[in-house]
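Below is one structure, written out as structure tokens; the observations come after it.
The values are calculated or read from the model by the stated rules, or taken from the named source; none is laboratory data. Everything numeric in this text was worked out from a predicted model, so none of it was measured. Quick reminder, even Gly has a Cβ in these numbers, built from the backbone with ideal geometry, and neighbours come from all protein chains shown.
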Amino acid sequence: MRLRALTAGWLLVGLVASPVQPSSSASDPRTPTLVLVGGALARENDAVYETILDARLPGRPLCVLPTASGEPDASMASYLEDFRARGGADAAIGLRVTRDDAARAADPDVVRTLAACGGFFFTGGDQSRIVDVFRPGGVDTPALEAIRSVLAAGGVVAGTSAGAAMPSDPMIGAGSSADALRHGVVCDDPDQEGPPGVWLRDGLGLLPGLLVDQHFLARGRLGRLLVAAVASDQVGLGIDENTALVITDPGTPRARGRVLGPAFVVVLEPPRGEPSSRRGDAIDLWLLADGDSITLAPEAAPTFTRASTAAKHTAGLELLAASVPDGFRLVPPDALSPDTRSPDTRSLDERSLDERPDDESYTLMPLRPETAPWLDSSPTLPCLESRSRSLRDHDIRDDDR
């Protein structure tokens, strides 16, 4: 969660008089867009802030929602300052809807305010606070219905850290990589006397078939995303700090993600098939840097297009390799036998970039079946049942956990 010193008398909820126009023309076709930031968004990151503002519906403000934050007033004021510094005083408004006043998610005045916005920005904090307020018990509130309508009309839903985790359904609620690899998925919060593991719970359902984790390489979260993605049978998106994944047309065959920022995004595709046949299977993943893009259509294998430099890719690969859990090996796909999928004897460091095509994935392999007992875990846990509901119902659409 980001806090800054604030001047006295800051107006916490803005009202719109004459909103400024985003750079896109009102006659342009609008594309539903998610801008998901992996946390620690620097206030100097103009590219991310401006991308969010430009993705608004024309003539409408961005609504900053501090629902996830433990100090919502300070968090909201801080981000309002950042967005208004770039778009003008009318570019963003703040709306305080928190667990303490969750009934506001059904207040007609709040719903009208949300419906008049051109997009939304969710601050960091705890993603469960967002879901508990806007989708309690897996049921959309009128406020969430308004947010969905704006997104479907071509608006933007953006968020950082917790605000990036909440679009998934199920979503990652809490847990460490070490506990996830050792204990697998749990359906109760391990930070609230639940058993250890990675906690999967219902999310907002704005991103069908895709599971987001944040602070990804900075906090070594490859293990927990790996376990959670396999258990929920979703493609995993690990977004590192001060970096965004911009997803257009989410939940459709046209869905595509583009990386924006100084760090990296890891896309992870779990093995398919029945759980009983998955033990020991390899996991395919892609490493993306600024400008790289990847297709994210539901139920389809991702296709990667590289725009970043070889030097940038190598730097990211070193970070990724350092986060590989014990008992796993990261290898390029052309180093695998097509029959056995066993790696050759060379390490990644012994292979030059010239030997790797631009669109390749890497493969994360357990060295022994007992390394990954969760690969054959049954995906019938109650907290995973919401995935089928999300795909059916929404075809489109800090302590930083």
query = Pick from Leu114, Leu57: which is at pLDDT 95 or above and outside any helix (DSSP H, G or I)?
reply = Leu57
inquiry  = So in segment 64-89, with the set limited to residues that are among the hydrophobic types (A, V, I, L, M, F, W, C) and surrounded by fewer than 24 Cβ atoms within 10 Å (Cβ to Cβ), which one is nearest to Ile52 (Cα to Cα)?
reply    = Phe83
request  = Take Ile172 and decide whether it is at pLDDT 95 or above, crowded, with 23+ Cβ neighbours inside 10 Å, in contact with an Asp or Glu (Cβ under 7 Å, 6 or more places away or on another chain) and not in a loop (DSSP other than H, G, I, E, B).
outcome  = yes
ask   = If we scan segment 18-27, do we find a residue that is at pLDDT 95 or above, of a type outside the set (A, V, I, L, M) and more than 19 Å from the chain's Cα centre (by Cα)?
value = no
request  = Provide a single number: the residues in segment 236-254 that are hydrophobic (A, V, I, L, M, F, W, C) and surrounded by fewer than 24 Cβ atoms within 10 Å (Cβ to Cβ).
outcome  = 1
inquiry  = Suppose we keep only residues that are within 21 Å of Ser128 (Cβ to Cβ) and buried (at least 23 other Cβ atoms within 10 Å of the Cβ) within segment 216-228. Which one would you say is farthest from the chain's Cα centre (by Cα)?
reply    = Val227
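Here's the yes/no breakdown for (1) in contact with a Leu (Cβ under 8 Å, 6 or more places away or on another chain); (2) surrounded by fewer than 24 Cβ atoms within 10 Å (Cβ to Cβ); (3) over 19 Å from Glu71 (Cβ atoms):
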| site | (1), (2), (3) |
| --- | --- |
| Val111 | no, yes, yes |
| Ala116 | no, yes, yes |
| Phe120 | yes, yes, yes |
| Ile130 | yes, no, no |
| Val133 | no, yes, no |
| Ala146 | yes, yes, yes |
| Ala152 | no, yes, yes |
query = Somewhere in segment 202-214, is a residue crowded, with 24+ Cβ neighbours inside 10 Å, among the polar types (S, T, N, Q) and within 27 Å of Val139 (Cα to Cα)?
reply = yes
key: Residue within segment 79-92 that is assigned to a helix (DSSP H, G or I) and among the acidic types (Asp, Glu) present   = yes
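Quick grid of which residues meet (1) at pLDDT below 95; (2) more than 19 Å from the chain's Cα centre (by Cα); (3) in a loop (DSSP other than H, G, I, E, B):
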site: Gly236; (1), (2), (3): no, no, no
site: Pro250; (1), (2), (3): no, no, yes
site: Ala263; (1), (2), (3): no, no, yes
site: Val267; (1), (2), (3): no, no, no
site: Arg272; (1), (2), (3): yes, yes, yes
site: Ser308; (1), (2), (3): yes, yes, yes
site: Pro325; (1), (2), (3): yes, yes, yes
ask   = Hey, any hits in segment 175-193 for a residue that's surrounded by 24 or more Cβ atoms within 10 Å (Cβ to Cβ) and part of a strand (DSSP E or B)?
value = yes
